[in-house]
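Everything below concerns the one structure shown next.
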Amino acid sequence: MRLRGIPDHPEAITPAWLNQALAASLPGVEVARVEVVDRHSGTTGRARLRLDYASGRAGPETIFVKLPPFQEAQRGLVAATDMGRREARFYAALGAETPVRVPRCYFAAYGDEPTDYICVLEDLEASGCTFPKGVEQHAREHGGQLIEALARLHAHFWEDERFGFELSWVQPAMRGAFGAKLVDRARERFAGDLPPVFAELCHLYVEHHERIADLLDEGGSTLIHGDTHTGNQFLDGGQVGLYDWAVISRSPGIPDVAIFMGNSCPPDVRRTEQDAWIRTYRQGLVDGGVDAPDLDVLWRRLRLAVLYGWVAATTTAAVGDRWQPIAVGMTAMRGATQACADLETLQAFREAL
């Protein structure tokens, strides 16, 4: 929803403001005191708040809040991509119906400017949820569950007629020359430390990024998460969930599969499981009522789509610590480069182009 007076830093979230915001999701609850337990800033601002209540019904002891970044450079990224308002709109309009475990949303709002937004969410840790501690172990034990969850998500929104009306704000994946400039910067900085295929991928993307975006848009459209790496996953018991819905788009579903397999899955695990996972994904689409593409079509699209995750990792590494710690970007970029090499992505694009 739209709301005037959206707080832009944790200390501005007062009991009075929370009581207004939580009236619909937690009727009868009256917040008496708010304490900022933790706060940090990256591609968005984040805060964990402890709440004390007046006599009567009590709500959650802690909540997790997403709001604009606290540093000006990071706010510039949010302003340029509109990712903050996009996530607020997702939670407000679609969070409850999404057939994947997502954080419960108590309140979400956005204003007229890209940096006017707030999401008041479930504190997953307080709810007993856990976060992957080892990429390899998580991929082996829960990769198949994630693929099943992505198939449910994509089947639910497959060619949804609402994309032409009330969900018209869910746009196709972002494209443009800015990403190509960052990829070229990454080539200058990192090509000497990576296999030759990295520089070849950089040259390909810089020269053909518009046509590549066209190829990645081929196929039936659905709602995709857009950033399914392990760092955006959590576990509720044995159930895999996803958070950070800031880069959702109306796109073919296969990039969601490709980001996990290319950016967060160790090569030996991916090589062992990829055949079974792509079959699981297709069967999940069929079970959800989708006239799914044949396996050979999905494989061709997967070979192309790992470049989607590679671009995300490479552009993140290119800006150093501005968006994420540089080690995070470098690890994802190396893994995605290896996935592109294994799946012969360069060759697949040269044939398609």
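Restricting region 61-82 to residues that are outside any strand (DSSP E or B), aliphatic (A, V, I, L, M) and in contact with a Phe, Trp or Tyr (Cβ under 9 Å, 6 or more places away or on another chain), the residue that is most open to solvent (accessible area, probe 1.4 Å) is Ala80.
The set of residues in region 216-246 being farther than 26 Å from Gln137 by Cα and surrounded by fewer than 19 Cβ atoms within 10 Å (Cβ to Cβ) consists of Asp217, Glu218, Gly219, Gly220. Within region 23-39, identify whether any single residue is open to solvent by 20 Å² or more (accessible area, probe 1.4 Å), within 27 Å of the chain's Cα centre (by Cα) and of a type in the set (Lys, Arg), and answer yes or no. Within region 23-39 (the criterion being open to solvent by 20 Å² or more (accessible area, probe 1.4 Å), within 27 Å of the chain's Cα centre (by Cα) and of a type in the set (Lys, Arg)), the answer is yes, since at least one residue qualifies.
For region 287-301, the criterion of being under 27 Å from Leu153 (Cα atoms), among the β-branched types (Val, Ile, Thr) and within 22 Å of the chain's Cα centre (by Cα) is met by none of the residues. Scan region 314-350 for residues that are assigned to a helix (DSSP H, G or I) and under 21 Å from Arg300 (Cα atoms) and the total you get is 14. For the residues Gly192, Gly179, the requirement of being in a helix (DSSP H, G or I) and surrounded by fewer than 12 Cβ atoms within 10 Å (Cβ to Cβ) singles out Gly192.
The rows are residues; the columns are (1) closer than 27 Å to Val290 by Cα; (2) modelled with pLDDT under 95; (3) in contact with an Asp or Glu (Cβ under 8 Å, 6 or more places away or on another chain).
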{"residue": "Arg101", "(1), (2), (3)": "yes, no, yes"}
{"residue": "Phe107", "(1), (2), (3)": "no, no, no"}
{"residue": "Asp112", "(1), (2), (3)": "no, yes, no"}
{"residue": "Cys119", "(1), (2), (3)": "no, no, yes"}
{"residue": "Ser127", "(1), (2), (3)": "no, no, yes"}
{"residue": "Gln137", "(1), (2), (3)": "no, yes, no"}
{"residue": "Leu153", "(1), (2), (3)": "yes, no, yes"}
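Restricting to region 261-310, name every residue that is of a type in the set (Val, Ile, Thr) and either in contact with a Gly (Cβ under 6 Å, 6 or more places away or on another chain) or part of a helix (DSSP H, G or I) (or both). Scanning region 261-310 gives Val269, Thr272, Ile278, Thr280, Val286, Val297, Val306. Within region 309-336, the set of residues being open to solvent by 50 Å² or more (accessible area, probe 1.4 Å) and either of a type in the set (Phe, Trp, Tyr) or within 16 Å of the chain's Cα centre (by Cα) (or both) comprises Gln324, Val328. Ala58 meets all of the listed conditions (1) of a type in the set (Gly, Ala, Ser); (2) under 30 Å from His154 (Cβ atoms); (3) open to solvent by 60 Å² or more (accessible area, probe 1.4 Å) but one, namely (2).
Table: residues versus (1) of a type in the set (Gly, Ala, Ser); (2) outside any strand (DSSP E or B); (3) under 29 Å from Gln74 (Cα atoms).
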| site | (1), (2), (3) |
| --- | --- |
| Gly5 | yes, yes, yes |
| Asp8 | no, yes, yes |
| Glu11 | no, yes, yes |
| Ala16 | yes, yes, yes |
| Ala24 | yes, yes, no |
| Val29 | no, yes, no |
| Glu35 | no, no, yes |
| Asp38 | no, no, yes |
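Annotation note: Cβ proximity below 6 Å between a residue of region 115-134 that is closer than 22 Å to Thr14 by Cα and a residue that is open to solvent by 60 Å² or more (accessible area, probe 1.4 Å) (sequence gap 6+ or interchain) occurs for Glu122/Arg104. A single entry from Glu161, Glu148 fulfils the requirement of being among the acidic types (Asp, Glu), without any contact (Cβ under 8 Å) to a residue 12 or more places away in the chain and over 19 Å from Thr345 (Cα atoms): Glu161. The number of residues in region 250-279 that are hydroxyl-bearing (Ser, Thr, Tyr) and surrounded by fewer than 20 Cβ atoms within 10 Å (Cβ to Cβ) comes to 1.
Here Ala88 does not qualify as within 29 Å of Leu285 (Cβ to Cβ), open to solvent by less than 30 Å² (accessible area, probe 1.4 Å) and part of a strand (DSSP E or B).
Looking only at residues of region 158-176 that are in a helix (DSSP H, G or I) and charged (D, E, K, R), we find that the one that is surrounded by the most Cβ atoms within 10 Å (Cβ to Cβ) is Arg162.
The single condition among (1) in a helix (DSSP H, G or I); (2) modelled with pLDDT of 95 or more; (3) within 29 Å of Ala191 (Cβ to Cβ) that Gly226 does not satisfy is (1).
The values are calculated or read from the model by the stated rules, or taken from the named source; none is laboratory data. The shown structure was predicted, so the numbers you read here are calculated from the model rather than taken from an experiment. Every residue, glycine among them, receives a Cβ derived from its backbone with ideal geometry; neighbour counts consider all protein chains shown. With ligands, DNA and RNA removed, areas are computed over all heavy atoms of the protein, side chains included. Shrake-Rupley method; radii C 1.70, N 1.55, O 1.52, S 1.80 Å.
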